[in-house]
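Just below is one structure, and these are the notes that go with it.
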Amino acid sequence: MKSLAAELERAAGAYVLRGARVPAALLPATLAGLADAQGLAGVDLAVDGGRLGAVAPAGTLQAGEGPDLAGRQVWPAFHDLHTHLDKTHTLARAPNADGTLLGAVKAVMADHACWRPGELEARAGFALRCAWSHGTAGLRTHLDAAGPQARMAWDTMLALRASWASRVRVQMVAMAPMETYLGEGAEDFVRRVAETGGVLGGVTRVPGLPPPAARQRLAQALDALFDWAVRYGLDVDLHVDESCEPEADSLLEVARRTQARGLGGRVVCGHCCSLAVQADETRERMLDACRDAGLAIVSLPLVNLFLQDRAPGRTPRLRGLPPLQEISARGIPVALSSDNCADAFHAYGDYDMLEVFREAVRNGHLDRHAGHWSASVTATPAALMRQAGSGRLEPGQPADFVIFDARGIPQLLARPQSDRLVVRDGRLLAVSPPSFDELDAALARAGTE
């Protein structure tokens, strides 16, 4: 890949990448017939002035300046639809005592007292550098929107969003307790989210109430949330049914409200793990409702495989994944995302969407149609974020893509692809994942401020 990188560095503003292999699902529809058994198509890609020009079958564009990829894969820039940059890299000071979801919640809530603008900027900025170096162009982060740290965290992330706008486009979700949308300050809260270009969020459960009361209160809160979304023209992104409990069915309530208020295409439901353990009839009814409502589902394979069905001294029996194949077969948009990295919810992760894709393919048995599933980390989340850049390789789109030293899908997923080449606006990025020494130094500096 070194010689290929050198050729790209020498390339001027206009060049042709010859002999690339690209998931056909991410190409213009006119090239769909080129797909092979792995869902990959051989194409030439013309780059001119930071944008893609012609995209044509391999060997048909005039050979000019630019390298011959000899079948190496090219994917559009990644989009990461569900992360938590406010919590990232807090594991060392806020470990998860028992490894469970509840244990993670308790650890993070206790850690809120340690959040300060400088250290949050250092942690989240490091995370964005990781994402950028791995090839991500757009990222949505949920931010805890309750407690004394909430306003500070939101303002700090606004500043980071502005400073990173030319590298990673950041979108912010106000992750508030559902009761927030029923309280006296609800409109002030929603108005600020709207004024700062945010998204309404929350978790579809009301802790501390018996089931009948919890259901009624949740229904009231969802009604209020969706009414506010309509009034202020906001998108909605919720944590839904993050458990392996078959009775967890708030996804159905979200779908009904999405359809009733005409918010199709503007509502995302994250996790939805309980779909995997529900009776077939129940699951089919819920998926029908999601399809009819036009909502999307985002799965977080790294975190849910790590957290769900966890008990001391016992190997998990359940995977913690929603039924990805069945969801997709219904025509429901599905995205895959990083979720938490290096915090009490998930000790690992590096905001590498290829890692997320690889583990979803392996654990969800998506390998027979992996080329099609490439859209779950590119085009689908890009469309749901409704930001510049389609997450596809099409004429007129920004020349933002990643080149891998792998010809087929098995080769792509066999290695971490740490030698990938990231191209933005048609130019090779000379970036690598930052050293953890840099994070330590940044946090040390923040601690003295």
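The values are calculated or read from the model by the stated rules, or taken from the named source; none is laboratory data. Quick caveat: nothing in here was measured; it's all calculated off a predicted structure. Here the Cβ positions follow ideal geometry from the backbone for every residue, glycine too, while neighbour counts run over all protein chains shown. Areas reflect the complete protein model, heavy atoms only, side chains present, ligands, DNA and RNA absent. Shrake-Rupley method; radii C 1.70, N 1.55, O 1.52, S 1.80 Å.
Structure values in brief
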quantity	calculated
Per residue, in Å², the accessible surface of segment 297-347 once ligands and nucleic acids are set aside, probe 1.4 Å	35 Å²
Portion, in percent, of the accessible area of segment 157-226 that falls on carbon or sulfur, probe 1.4 Å	55 percent
√(5λ) per eigenvalue of the Cα gyration tensor, segment 292-449, largest first, Å	26, 25, 17
Cα gyration tensor shape for segment 226-368, rounded if a/c is under 1.5, else prolate or oblate	prolate
Antiparallel %, DSSP beta bridges [both residues in segment 1-158], to 5	70 percent
Whole-number accessible area per residue in Å² for segment 65-114, which is evaluated in the context of all protein chains at 1.4 Å	34 Å²
Euclidean distance between Cα centres, segment 152-193 to segment 131-147, Å	12 Å
Derived scalar couplings ³J(HN,Hα) [segment 242-248; Karplus, 6.51 cos²θ - 1.76 cosθ + 1.60; whole Hz; x for Gly, Pro]	7, 6, 9, 9, x, 7, 6
Highest average packing first - 31-37, 143-149, 294-300, Cβ atoms within 10 Å	294-300, 143-149, 31-37
Cα pair distances exceeding 15 angstrom across segment 350-400, given as percent	52 percent
Three-way shape call for segment 86-221 based on the alpha-carbon gyration tensor, with the a/c threshold at 1.5	oblate
For segment 236-278, Kirkwood radius (reciprocal of mean inverse C-alpha pair distance, Å)	10.6 Å
Cα-based Rg of segment 260-302 normalised by 2.2 N^0.38 Å, two decimals	1.22
Projected-area mean, segment 97-140, by convex hull of Cα positions, square nanometres	4.3 nm²
Rg to Rh, two decimals, where segment 46-116 supplies the alpha carbon set and Rh follows Kirkwood	1.36
Longest to shortest principal axis, alpha-carbon extents of the chain, angstrom	68, 57, 49
Of all accessible heavy-atom area on segment 250-315, the percent that carbon and sulfur account for (1.4 Å)	45 percent
Cα extents of segment 207-283 along the three principal axes, largest first (Å)	35, 27, 18
Rounded to whole Å, sorted largest first: equivalent-ellipsoid semi-axes of segment 1-151, Cα gyration tensor	44, 18, 13
Anisotropy class of segment 285-382 from Cα gyration tensor, a/c 1.5 cut	prolate
